[in-house]
1. Given Lys115/Lys235; Lys75/Lys277; Lys257/Lys435; Lys226/Lys257; Lys162/Lys235; Lys9/Lys238, which pairs have Cα atoms separated by over 27 Å?
2. So for Arg318, Arg127, Arg151, Arg410, what's the accessible-area order with a 1.4 Å probe, most first?
3. Helix-only mean residue ellipticity at 222 nm, the chain, DSSP H runs n ≥ 4 weighted -39,500 (n - 2.57), per residue, nearest 500. What is it?
4. Which angle from 0 to 90°, rounded to the nearest 10, does the C-alpha axis of helix 414-429 make with the longest principal axis of the chain?
5. Using Cα centres only, tell me the gap between the stretch 41-86 and the stretch 367-403 in whole Å.
6. Pick out, in residue order, every one of the GluC sites (Glu not before Pro) in the stretch 135-214 that is DSSP loop and has at most 14 other C-beta atoms within 10 Å; say none if there are none.
7. Distance from the Cα centre of the stretch 404-428 to that of the stretch 236-297, in angstrom?
8. Take every DSSP beta bridge whose two residues both sit in the stretch 58-308, then give the antiparallel share in percent to the nearest 5.
Amino acid sequence: MKTIIEPFKIKSVEPIRFTTREERIKILEEAGYNPFLIHADDVIIDLLTDSGTSAMSAKQWAGIMEGDEAYAGSKSFFRFESAVRDLTGDKFIIPTHQGRAAEKILFSIVGGEGKYVPNNTHFDTTRANVEFSGAEAVDLVCEVGKHPEQRADFKGDMDVEKLIKFIEETGVENIPLVMITVTNNSGGGQPVSMQNIKDVRAVCDKYGLPLFFDACRFAENAFFIKKREKGYENKSVKEICQEMFSYGDGSTMSAKKDALVNIGGFLTLNNEELAMKCRNLLIVTEGFPTYGGLAGRDLEALAQGLEEIVDENYLTYRIRSTEYLGEKLIDAGVPIIEPPGGHAIYIDAKRFLPNVPANQFPGQAITNELYIVGGVRAVEIGSVMFGKYDENGNHVAPPMELVRMAIPRRVYTQSHIDYVLEVILEVYENRDKLKGYEFTYEAPMLRHFTAKFKPI
Ligand code: F0G
């Protein structure tokens, strides 16, 4: 087998500004030891997120010039609508400015006090929108999905037995819909199998419940199905995507991931009455139904991105580049969620820094050291992000302490990733010297974005 290469040539480049270790120590201190507060220009390799950070293709940039900016009925909307319908088969396609706007509209209508929404694992914004409506968000991922060190092909699967039990106990009338997140971002970017999707569909049919996808990384999920699930090896990724969406009644989508654009999203539905309600709310919050918070040029780039994302040469490179980083880390003994997911590598901070307790934020300690050593920006997904306090003010840790390194699409080359690897290995070799952190400022909600720390 020959090396899997980046399936593109680079036509336009953006310089990286280099900093020294001494400069980075100062920058980090000034940012209150919170990488969210560092200027992006002070970052060498930015793995904070794969969302909205993709490089667009020449054809997408051409689409930016082609965009039809008519307020109503723009040509770009119809191109967008047909690209989304081609994949999802859904009747009503509603553009939004990003994924959480689609979630906000959907859950404002179907959520509310006394309602419960099951998902394999809610992403934070999905959970926030469910809960903001007054409903409760419930995660029912399969058992193996909760164990970073256990390998399985489809760790994003929903636990179907638990789902049935949950529906029986909660009552169908209190559940507006069932949701599946592909791939399961909060659980390590792990895929969901087609079999699991079919099984969940069968449960939904039995109880008369709609099934929705949080479809942000639908193409990466489909590629894993092609590679790992029997019966799909000879199907095209596009056919796999179409089959997956055929089992759903709708979806919410952040186009900032698998539509290769810097901004955009959409909501798809089959139920006309629900679609009308969503459109009415869209007009209040996002805009007229043929642009929904986006410019015509954005819709044009998004439509083009949806064609490029199902290209199997692209997906081969995409999934391989994540796996490449993961494999090298595993070989060096660095604990990560195994196997590597689609869009990111997740370091298991509990095993990486066993001597730093959860209430001293081991993930934050690793994240900060990655920045000091190499200017690499990652994000803590552990006690800083999800930690809570009990009634006595004691810290309650979430089940996992992780550091996510998300890989932007088509942005970095193999040598960038080799550099990241060298940085992680240096941090790992010196892990005994790492110390924990404590808060000096902490906001009451979503504290990870604005928190400030000091080293212990
Ligand atoms: N659902 C999932 C699974 C996501 O990963 C995200 C965003 C959203 C919904 C919300 O989409 O940002 O367009 O409003 N995830 C980003 C991340 C922010 O870094 O993982 P959005």
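1. Table pairs above 27 Å Cα-Cα are Lys115/Lys235; Lys257/Lys435; Lys162/Lys235.
2. Numbers: Arg318 5, Arg127 65, Arg151 140, Arg410 40 Å².
The residues order as Arg151, Arg127, Arg410, Arg318, largest area first.
3. Rounded to the nearest 500, the figure is -12500 deg cm²/dmol.
4. For helix 414-429, the angle is close to 50 degrees.
5. 32
6. On the way: sites: Glu136, Glu143, Glu149, Glu161, Glu168, Glu169, Glu173; in loops: Glu149.
Within the stretch 135-214, the qualifying GluC sites (Glu not before Pro) (loop, at most 14 other Cβ atoms within 10 Å) are Glu149.
7. 32
8. The antiparallel proportion sits near 50 percent.
The values are calculated or read from the model by the stated rules, or taken from the named source; none is laboratory data. Note that the structure is a prediction, hence the values are computed from the model and not measured. Glycine gets a Cβ as well: all are built from the backbone with ideal geometry, and neighbour counts include every protein chain shown. Accessible surface is based on the protein model in full, side chains and every heavy atom, while ligands, DNA and RNA are left aside. Shrake-Rupley method; radii C 1.70, N 1.55, O 1.52, S 1.80 Å.
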